[in-house]
Amino acid sequence: MKTTHLMAATALALVSGLGTTGARADDLTLCWAAWDPANALIELSKDFEATSGHKMSFEFVPWPNFADRMLNELNSGGQLCDLMIGDSQWIGLGAEAGHYVKLNDFFEAEGISMADFIPATVTGYSEWPKGTPNYWALPAFGDVVGWTYRRDWFERPELQAEFREMHGRDLAPPKTLAELKDIAAFFQGREIDGTTVYGAAIYTERGSEGITMGVTNALYNFGFLYENPDKPYDMDGYVNSPEAAAGLEFYKALYDCCTPPGSSDWYMSENIDAYKSGQVALQMNFAFIWPGVNADPNVGGDRSGYFPNPAGPGGHFAQLGGQGISVVSYSDSQAAALEYIKWFAQPEVQKKWWELGGYSALRAVVEDPGFATSQPYAQTFLDSMAIVKDFWAEPAYASLLLSMQDRVHKYVIAGEGTAQEALDKLVEDWVEVFEDEGKL
């Protein structure tokens with residue numbers, strides 16, 4: 001099999017002839033998750049088809065099945081996908097297993113600078129190894145866990161007065177996780193407009209990545225670290241510190257006190273449904289949902305508001321979401337795929353991407369003076385992207401994730417053991433993974 005380096009060089013040589021007379025028109029397939037931003041990308045890509053002559057096809061897979069389906073495709077050397085918008089955690093596997101074309105030479109030849117993108121998205125979506133200028137993707141979709149709230153409920157005078165009497169402060173978007181729990185408890189089981197409502201929809205799903213993408217928003221802010229900052233893969237006392245255990249206890253307490261009945265296996269779509277149907281006052285979810293919330297006939301416009309994940313006693317962070325777009329090394333149409341990336345990186349295309357409901361990571365878009373007021377949620381997006389932290393992006397990411405899903409779900413949802421025991425066992429699991437990888 002050709003090496004990734006050779007394929008990258010070949011593709012670069014091919015792309016140098018793009019736009020010249022007689023350039024080959026290709027059919028390209030772009031693979032991603034099936035969600036609202038994918039529909040926006042179909043619309044955006046019509047401009048690429050019109051200007052390039054290439055035809056775009058799309059393979060979109062629902063989030064619960066996305067990782068299994070697409071990682072199997074990559075691991076088998078499949079040629080379904082020419083372009084892959086893969087999850088941020090896949091970047092180590094994509095690089096080390098040779099699934100993705102390294103883009104450094106291409107970026108240099110085309111004048112595409114990673115300094116032009118939000119730094120957190122470059123680190124999260126493009127770099128491997130982390131902290132090195134080795135790029136395997138272009139930041140494609142900036143995303144982060146944040147919160148949506150029923151602004152119209154918060155602003156009711158009778159609820160304002162009752163909350164102020166209870167807590168000595170206004171009923172307003174919380175600044176801390178403790179304040180968030182107070183608000184969720186305040187709404188739990190309350191009757192509003194003749195309907196019983198609940199406090200918060202949070203991530204609890206076990207089968208893919210849901211509860212991990214939720215609980216980290218508490219863990220990070222209590223002091224959880226993936227490893228010793230001075231010694232890679234040294235996890236004992238960091239993953240399972242007393243502070244991290246307190247963060248896990250907080251998430252379980254929030255689940256126990258303040259979530260709707262039957263919400264033991266919820267992720268993005270279930271939380272959206274609960275919020276839009278008027279079941280909850282607060283919703284944890286990735287920022288990609290905010291355009292849909294804003295446009296919704298029942299909860300949209302001034303009826304909803306947005307705020308970043310609140311701070312905890314040990315810091316202020318939010319779980320990074322989002323993805324980069326990569327050229328799949330098994331593609332027979334690498335030159336055309338690179339042409340798509342070159343087109344997608346253009347500022348005017350990125351601006352339209354934002355207007356259609358995509359989340360641009362290009363600084364020229366998000367740092368524009370008018371960006372923060374361009375949508376009701378734009379400032380919250382900026383504030384949230386400034387505090388992101390991400391899960392492991394190691395090649396063994398899937399095994400690491402599987403262990404965390406299991407250990408955390410058993411404690412938070414099933415009530416097995418203690419938080420400290422859950423994290424101690426997680427360290428044991430992760431040590432075993434890294435020993436198998438030869439990194440310990």
Next on the checklist: Over the Cα atoms of region 205-264, what radius of gyration and what Dmax do you get, in Å?
Outcome noted: 13.1, 43
Next on the checklist: Defining a contact as two alpha carbons under 8 Å apart and six or more residues distant in sequence, what relative contact order in percent does region 361-440 show?
Outcome noted: 20
Checklist entry - Of the peptides 342-348, 140-146, 205-211, how do they stack up when ordered by the mean number of other Cβ atoms within 10 Å, highest first? => result 140-146, 205-211, 342-348
Checklist entry - Okay, helix-only estimate at 222 nm for the chain: each DSSP H run of n ≥ 4 adds -39500 (n - 2.57), divide by all residues, round to 500 deg cm²/dmol; what do you get? => result -13000 deg cm²/dmol
Next on the checklist: Just to be sure I understand: with springs between alpha-carbon atoms less than 10 Å apart, which residue in GLY77, GLY262, GLY247 has the highest mean-square fluctuation in the Gaussian network model of the chain?
Outcome noted: GLY262
Next on the checklist: Order HIS409, HIS167 by their accessible area, 1.4 angstrom probe, all chains in place, largest first.
Outcome noted: HIS167, HIS409
Checklist entry - Going by a ≥ b ≥ c, the root eigenvalues of the Cα gyration tensor, does region 160-227 fall in the rounded group (a/c under 1.5), the prolate group (a/b larger than b/c) or the oblate group? => result oblate
Next on the checklist: Given N residues in region 256-378, what is its alpha carbon radius of gyration divided by 2.2 N^0.38 Å?
Outcome noted: 1.32
Checklist entry - Leaving out ligands, DNA and RNA, what percent of the accessible area of the chain is carbon and sulfur, probe 1.4 Å? => result 50
Item to check | Estimated dipole of region 265-397 in Debye, rounded to 20 [Cβ of Lys and Arg +1, of Asp and Glu -1, Cα centre] | outcome: 200
Next on the checklist: For the pair GLU428/ASP47, report the inter-label distance in nm, with labels modelled 7 Å from Cα in the Cβ direction.
Outcome noted: 5.5
Checklist entry - Where only protein heavy atoms count, and the probe is 1.4 Å, what is the accessible area per residue for region 257-331 in Å²? => result 28
Checklist entry - With the dipole of the chain worked out from charges on the C-beta (+1 for Lys and Arg, -1 for Asp and Glu) around the Cα centre, which of LEU362, GLY223, LEU30 lies farthest toward the positive end? => result LEU362
Checklist entry - Looking at LEU180, TRP430, GLY247, which one has the Cα that reaches farthest to the positive end of the dipole of the chain (charges on Cβ: Lys, Arg +1; Asp, Glu -1)? => result LEU180
Checklist outcome for this item: Simple SL model, points at 7 angstrom along Cα→Cβ for THR132 and THR176; separation in nm is 4.2
Checklist entry - Hey, got the dipole for the chain? About the Cα centre, +1 on K and R Cβ, -1 on D and E Cβ, debye to the nearest 20? => result 620
Checklist entry - Taking the alpha-carbon set of region 83-242, what are its Rg and Dmax in Å? => result 21.6, 63
Checklist outcome for this item: Taking 41-54, 358-371 and ranking on average Cβ neighbours within 10 Å, highest first, one gets 358-371, 41-54
Item to check | Per residue value of the accessible surface for region 60-172 (all protein chains in place, 1.4 Å probe), Å² | outcome: 38
Item to check | Area projected by the alpha carbon convex hull of the chain, averaged over all directions, nm² | outcome: 21.1
Item to check | Projected-area average for region 332-440 over all orientations - Cα convex hull basis, square nanometres | outcome: 11.4
Checklist outcome for this item: Here the tail fraction of P(r) beyond 12 Å, over all Cα-Cα pairs of region 369-425, rounds in percent to 74
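The values are calculated or read from the model by the stated rules, or taken from the named source; none is laboratory data. Since we're looking at a predicted model, the values are computed, not measured. Neighbour counts run over all protein chains shown; Cβ positions are idealised from the backbone, glycine included. Protein only, heavy atoms only, side chains kept; ligands, DNA and RNA dropped before computing areas. Shrake-Rupley method; radii C 1.70, N 1.55, O 1.52, S 1.80 Å.
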